[in-house]
Each structure stands twice: as C-alpha cells, then as structure tokens.
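The values are calculated or read from the model by the stated rules, or taken from the named source; none is laboratory data. What you are looking at is a predicted structure, and each value in this text was computed from that prediction instead of being measured. We place every Cβ from the backbone using ideal geometry, glycine too, and count neighbours over all the protein chains shown.
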Amino acid sequence: MKVILIAATTLDGFIARTSEEVITWSKDLKLFKKQTMGFPVIMGSNTAKTLAVELAGREKIIVHRHDEPQAILRKIQAKKCFVIGGGKINSKFTPYLTHLYLTPHPIIFGYGIRLFSDEKINLRLKFIRKIKIPKAQGIYQFQYKILI
C-alpha cells in the first residue's frame, strides 16, 4: 500500500502558525481533494479540529498520541492512504511513508508547526514530478518517492 504524506507548507517549512489555526492560505485544495478522494486520510486530533471543510468521500482516521501506526495501517484495505498532519503525526508515520507530496507556498512564517515535529527526520527522496496548481501563479506540488 502507498502511504503518502501530503501537505501545503510555507517556504520555511511550516504547515501552520499554531495548532488551532484553520488554514486559509493554501492554494492547492482542489488538487488535494482530487488526489485524496475515495482514500483514507490519517490525521491527528488537532488537525481534525482545524479542518475548514468536511472531507466528504474520504474515511477520516484520527490518530491519538498512543495509537500505533502499524496497527492503523494494517486495518486499511485501500491501495493507498494519505497522512495529512500535523507535525507529530507526520513524524510518527515517517517510517511507513512511501511518497511525499509537498506544495510550498510563497509565505514565510518564521515560527509555527513544522512539517515534522521530530528534528531527526532524514528522508532520501527521488523526484517524480511537479504539478502546476491552476490559478495560483508560481505554486506547484512536488511529488517524491521515499527511498529506503
């Protein structure tokens, strides 16, 4: 099964200013919806509380601090699933990730919630493709395969 971390980030690597922020700056929501529709999305409880729109058509799997990623992934019957944050959940699922879909936005926060809360993440990536975000000048999603 493909386990894909998908995220919009600032140029300095943040996914939000605070754990309570409802993200309104992301320009890739249509692409996010298209890519995740029909597949499970894994998120932390803080991320679940901050969703600006309901994720209809996708099974929401809300992960808590003591949940084991391996046990969660074993229950998924789909050919792929998406990890959608936050930083702690992204770090927790890192050993199981197969792909990374990142959309950097031309914003710099200087502080906030990092893509990975664990500073010791060391991923080797192979570039697959970039996808232009329609109607968003200069914004692309970069897709990578994670090398073992």
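Okay, here's what the table says:
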read-out	value
Answer residue from segment 107-124, given it is closer than 24 Å to residue 41 by Cα and in contact with a Lys or Arg (Cβ under 7 Å, 6 or more places away or on another chain) and is surrounded by the fewest Cβ atoms within 10 Å (Cβ to Cβ) among those	117
Near pairs, Cβ below 9 angstrom, 6+ apart or cross-chain, from segment 124-139 (charged (D, E, K, R)) to any residue that is part of a loop (DSSP other than H, G, I, E, B) and at pLDDT below 95	124/148; 135/27
Evaluation of residue 112 against (1) over 18 Å from residue 13 (Cα atoms); (2) more than 13 Å from the chain's Cα centre (by Cα) (one fails), failing number	(1)
Subset of segment 1-50 (residues that are of a type outside the set (Phe, Trp, Tyr), over 23 Å from residue 111 (Cα atoms) and crowded, with 19+ Cβ neighbours inside 10 Å)	3, 4, 31, 36, 40, 41, 42
Candidate set from segment 54-64 (those that are assigned to a loop (DSSP other than H, G, I, E, B) and touching a residue at least 12 places away in the same chain (Cβ under 8 Å)); member that is nearest to residue 23 (Cα to Cα)	55
Complete set of residues in segment 107-119 that are in contact (Cβ under 8 Å) with a residue 60 or more places away in the chain and not in a strand (DSSP E or B)	107, 108, 109, 110, 111, 112, 115
Positions within segment 72-125 being on the phi > 0 side of the Ramachandran plot and either in contact with a strand residue (DSSP E or B) (Cβ under 8 Å, 6 or more places away or on another chain) or among the hydrophobic types (A, V, I, L, M, F, W, C) (or both), in sequence order	85, 112
Answer from 133, 148 - the residue that is exposed (fewer than 12 other Cβ atoms within 10 Å of the Cβ) and out of contact with any Gly (no Cβ under 6 Å at 6 or more places or on another chain)	148
Within segment 75-106, tally of residues that are crowded, with 17+ Cβ neighbours inside 10 Å and either assigned to a strand (DSSP E or B) or of a type in the set (Asp, Glu) (or both)	10
Residue in segment 34-48 that is on the phi > 0 side of the Ramachandran plot, modelled with pLDDT of 95 or more and not polar (S, T, N, Q) present	yes
Which numbered condition residue 138 misses (of (1) closer than 21 Å to residue 14 by Cα; (2) at pLDDT 95 or above; (3) not β-branched (Val, Ile, Thr))	(2)
